[in-house]
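Worksheet: the structure to be examined is printed underneath.
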Amino acid sequence: AALRTFSLVVAEAVARGLPLADAVTLFAVSAASIADAFIATQYVKARYASVRPLTVLQCGRHDAPLVAWAGPYAGVRPLTDGELWAPYRATPGFPGYTSGHAAVAAAGSRALARFFGPADPPRGANCGVVPAGTSAREPRVEKGSLGYVAGVTDVPNGGPRTAGYSPAADVTLCWASWWGYARAVAASRLAGGIHIPIDNARGLALGVRAADEVYAWVTAGMP
């Protein structure tokens, strides 16, 4: 998230043709905001040691049926036991609260909004493309390659309850504001099954606060 977010900062500076002095200030504010948000997130994770959805569902609903993703290329199906549940993204081996991705994305987004103004929309960093079949969990695998299964790994999925690689076609993600990008990043952690809503909400708030404090400190002595 840090690398992706900072790459958007660089892309925006290039798209706007910022003078060197302005670009240096933007990069300093953004990098420091992202770093501080990450550090604060790690402190909070260690302080609260909260569980991830994997633990909640496998332990808390171990004897209850549910409908969920059934595993790579298996689609969404009824599961007889919560112990069979697994997230779409691999669960990190550290606490969930708060979301580091949400915090970092919010910090970078807030830094951009403070620098350019909240009403000034993105110009050069407002879209990203996810090519078809590039999912880490359900990639496209052709005949002759390790992991190939005819009619499964070489065909696009046809919807939630079907087999096939993911995404089925190129997906273009766009955001009309800096905050839209941050929220999209946070939402991806929820959809991936590795965070609960409060992890993301508090992570976004933490990132905003980090950026505000960094911006105030960096610009305090500027004319």
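Name the residues in region 84-108 that are among the hydroxyl-bearing types (Ser, Thr, Tyr) and either in contact with a Ser or Thr (Cβ under 8 Å, 6 or more places away or on another chain) or at positive phi (or both), would you?
97, 98, 99
Surrounded by 17 or more Cβ atoms within 10 Å (Cβ to Cβ), touching a residue at least 60 places away in the same chain (Cβ under 8 Å), in the same structural domain as residue 187 (by TED's automatic domain parsing) and within 16 Å of the chain's Cα centre (by Cα): does that describe residue 32? Here the answer is no, as residue 32 does not meet what is asked.
Quick check, is residue 146 modelled with pLDDT of 95 or more and either assigned to a helix (DSSP H, G or I) or in the same structural domain as residue 41 (by TED's automatic domain parsing) (or both)? For residue 146, the condition - modelled with pLDDT of 95 or more and either assigned to a helix (DSSP H, G or I) or in the same structural domain as residue 41 (by TED's automatic domain parsing) (or both) - is not met. Residue check: residue 161 meets all listed conditions (1) surrounded by 15 or more Cβ atoms within 10 Å (Cβ to Cβ); (2) touching a residue at least 40 places away in the same chain (Cβ under 8 Å); (3) touching a Lys or Arg at 6+ places or on another chain (Cβ under 7 Å); (4) of a type outside the set (A, V, I, L, M) but one, namely (1).
If the condition is being surrounded by 15 or more Cβ atoms within 10 Å (Cβ to Cβ), farther than 21 Å from residue 202 by Cβ and of a type outside the set (D, E, K, R), then region 1-27 contributes 6, 8, 9, 10, 11, 13, 18, 23, 25, 26, 27. Within region 109-118, can you find the residues that are buried (at least 19 other Cβ atoms within 10 Å of the Cβ) and either on the phi > 0 side of the Ramachandran plot or small (Gly, Ala, Ser) (or both)? 109, 111, 113 - these are the residues of region 109-118 that are buried (at least 19 other Cβ atoms within 10 Å of the Cβ) and either on the phi > 0 side of the Ramachandran plot or small (Gly, Ala, Ser) (or both). Would you confirm, using the coordinates I've provided, whether residue 215 is assigned to a loop (DSSP other than H, G, I, E, B) and either surrounded by 12 or more Cβ atoms within 10 Å (Cβ to Cβ) or touching a residue at least 24 places away in the same chain (Cβ under 8 Å) (or both)? Considered against the rule, which asks whether it is assigned to a loop (DSSP other than H, G, I, E, B) and either surrounded by 12 or more Cβ atoms within 10 Å (Cβ to Cβ) or touching a residue at least 24 places away in the same chain (Cβ under 8 Å) (or both), residue 215 comes out as no.
The values are calculated or read from the model by the stated rules, or taken from the named source; none is laboratory data. The model shown is predicted, which means the values in this text are computed figures rather than measured ones. A quick note on method: Cβ atoms are made from the backbone with ideal geometry, for glycine too, and the neighbour counts reach across all protein chains shown.
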